[in-house]
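The values are calculated or read from the model by the stated rules, or taken from the named source; none is laboratory data. Predicted, not measured: the structure shown is a model, and the values here were computed from it. Positions of Cβ are generated from backbone atoms using ideal geometry, with glycine treated the same way; all protein chains shown enter the neighbour counts. Side chains included, ligands, DNA and RNA excluded: accessible areas come from the protein's heavy atoms. Shrake-Rupley method; radii C 1.70, N 1.55, O 1.52, S 1.80 Å.
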Amino acid sequence: MASQNKQNGFMAWYFNTNLLLKILIGLVLGIITGLAAGEHILWVSPLGQIFVHLLKMIVMPIIVSTLVLGAASVNPAQLGKTGLKIFVYYILTGAIAVAIGLIAGNIFQPGKGLNLTSGTTDATVDQPSLIQTLINVIPTNFFDALSSGDVLPVIFFSILFGIGLSFLRNSNEPRLRNAGETLYTLFDGAAEIMFLIVRWILQYAPIGVFALIAVVFAKQSASTITSLGMVIVAVYLGLAFHLVVVYGGLLTLNKLSFITFLKGAREAMITAFVTRTSSGTLPVTMRRAENNLGINRKVYSFTLPLGATINMDGTAIYQGVCVIFIGFAIGAPLSFAQQVTVMLTAVLASIGTAGVPGAGAIMLLMALKAVGLPIENGSATAAAYAMILGIDALLDMGRTGLNVTGDLTGTTVVAKSEQALAMDYWDSSASQEPREHK
Ligand code: ASP
């Protein structure tokens, strides 16, 4: 953080103030200004877009450089072991998350008594195909995937490339070994530069956060918020429960302090909350993993990009609550069998969806279709779905925050099991500030 090395000169007070404090101030000011000024504050929107652009700019370069480096630094057998562990973790926590969402939905019964009927709206959205999304993980053209920001195909190729590089570095032939080392040093340098750029971008974060939040709150009318209040309460309680019980429990079981974890992860959590994109937050998540949680790059370089794309516990909870809401809203509460179907679909759907704003709302369509509630022009389901879309930004903030926290929890736990966690980051008493090694 900027507080480490004191700056002098232009805007010194700004750069010397704790980054998290600045971000929190931006967040609170954004909420107040958005609610107070309403539509009049929409002109700040470009300031928020600049922040999102800066993050997006760095995402692909950081994924490629750290992933190639990560895969090249481990032997292929170990990569397989880490991969299997994190995959099992992502799937299991995803299933638990949908269950929590469904339970929260059944307890709060949002949408009960709304009695929506056909003909109220014309929301129509394309249904995504799951099989095709899975096949698309293999890029037909790597550079095309890179330039269009398709994370999974880029992960796929970068890992293959990294494994190839690992073989090269361990080759018996001096020429190949030399070439391998040179290329490895190149990627090492590139990754370091990416991290440096992330540090710079974060100095802009408070301004970006202010603008993004002000715009979200300026667009929500008080009446929408009240009528969908139950959905918001159920989703956020579900998120909080998952955070404390599932993540807190997993860390405690692994003898790791939940408080230390939260302190280390908070910048990533807040960035995810305001930007509403796990992929966009990735640079910050990686930085926190290395500098504040002591996770070895060879683990997080692989598990975090993967998690940002396929691990979405927050989204799973959101889907559980929303499907229940829609069932009640149209006067057709979901049966137990339908809820089991939602569980299966929601977990599978989360694998194929990118960590970008609003992606969860598209995934919701898969779950709805699976329980026989497709969105059709003018139908009651479409009306209920449109209501959810009205508050989707607010729900997206919370679920993205949890999505990223889940990636970091899994990565921490797996890193510990692989002896890739620097324990001196965790030994400090929970009341101390997490240190930033770098
Ligand atoms: N915005 C979420 C994310 O990036 C995905 C979603 O819309 O649920 O993780």
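Listed by chain and number, the lysines placed with their C-alpha closer than 28 angstrom to that of residue 219 are 22, 56, 112; residues fewer than eight positions away on the same chain are left out.
What is the dipole size for the chain, taken about its Cα centre, with +1 at each Lys and Arg Cβ and -1 at each Asp and Glu Cβ, in debye to the nearest 20? Computed about the Cα centre, the dipole is about 700 debye.
Helix 258-275 and the longest principal axis of the Cα set of the chain meet at an angle near 60°. When the charge dipole of the chain is built from unit charges on Cβ atoms (+1 for Lys and Arg, -1 for Asp and Glu) and taken about the Cα centre, the candidate among 234, 357, 417 whose Cα reaches farthest toward its positive end is 417. For the range 201-288, the C-alpha radius of gyration divided by 2.2 N^0.38 Å, with N the number of residues, is 1.30.
Would you mind giving the three semi-axes, in whole Å and largest first, of the ellipsoid equivalent to the chain according to its Cα gyration tensor?
Numbers: eigenvalues 263, 140, 84 Å².
Taking √(5λ) for each eigenvalue gives 36, 26, 21 Å, largest first.
Taking only protein heavy atoms and a 1.4 Å probe, the accessible area of the chain is 67% carbon and sulfur. Per residue, the accessible area of the chain comes to 42 Å², computed with a 1.4 Å probe over protein heavy atoms only.
Largest first, the three principal axis extents of the alpha carbons in the range 8-59 are 38, 27, 19 Å in whole numbers. Compared with the dominant principal axis of the Cα atoms in the chain, helix 45-73 is inclined by about 50°. When the Debye formula is applied to the Cα atoms of the range 142-217, each taken as the same point scatterer, what base-10 log of I(q)/I(0) results at q = 0.13, 0.20, 0.26 Å⁻¹? The Debye formula, applied to the Cα set alone, gives -0.64, -0.99, -1.08.
Name the residues of the range 275-292 whose amide N is less than 15 Å from a point 7 angstrom out from the Cα of residue 424 along the C-beta direction? From the range 275-292, the list is 291-292. Applying 0.36 nm per residue to the separation of residue 131 and residue 340 and subtracting their alpha-carbon distance, the gain on full extension is 73.2 nm. What FRET efficiency do you get for residue 29 and residue 106 if R0 is 51 Å and r is their Cβ-Cβ distance, rounded to the nearest 0.05? The value I calculate is 0.85.
Amide H to amide H, with H built 1.01 Å from N, residue 331 comes under 5 Å of 115, 116, counting only residues 5 or more places away or on other chains.
Give the angle, between 0 and 90 degrees and rounded to the nearest 10, that separates the Cα long axis of helix 336-351 from the longest principal axis of the Cα atoms of the chain. In the chain, helix 336-351 runs at an angle near 30 degrees to the longest axis.
Binning the C-alpha pair distances of the range 248-382 at 5 Å intervals from 0 yields a P(r) profile of 2, 10, 17, 17, 16, 13, 10, 8, 5, 2, 0 %, listed from the shortest bin outward. Each stretch of four or more DSSP H residues adds -39500 (n - 2.57); spread over every residue of the chain, this sum gives -24000 deg cm²/dmol at 222 nm. Accessible surface comparison of 416, 81, probe 1.4 Å, protein chains only, largest first: the order is 81, 416.
Percent of C-alpha pairs per 10 Å bin in the range 333-423, short distances first: 14, 35, 31, 12, 6, 1. Translational diffusion coefficient of the range 239-298 (Stokes-Einstein, Kirkwood radius from Cα pairs, 4 °C, 1.567 mPa s): 107 µm²/s.
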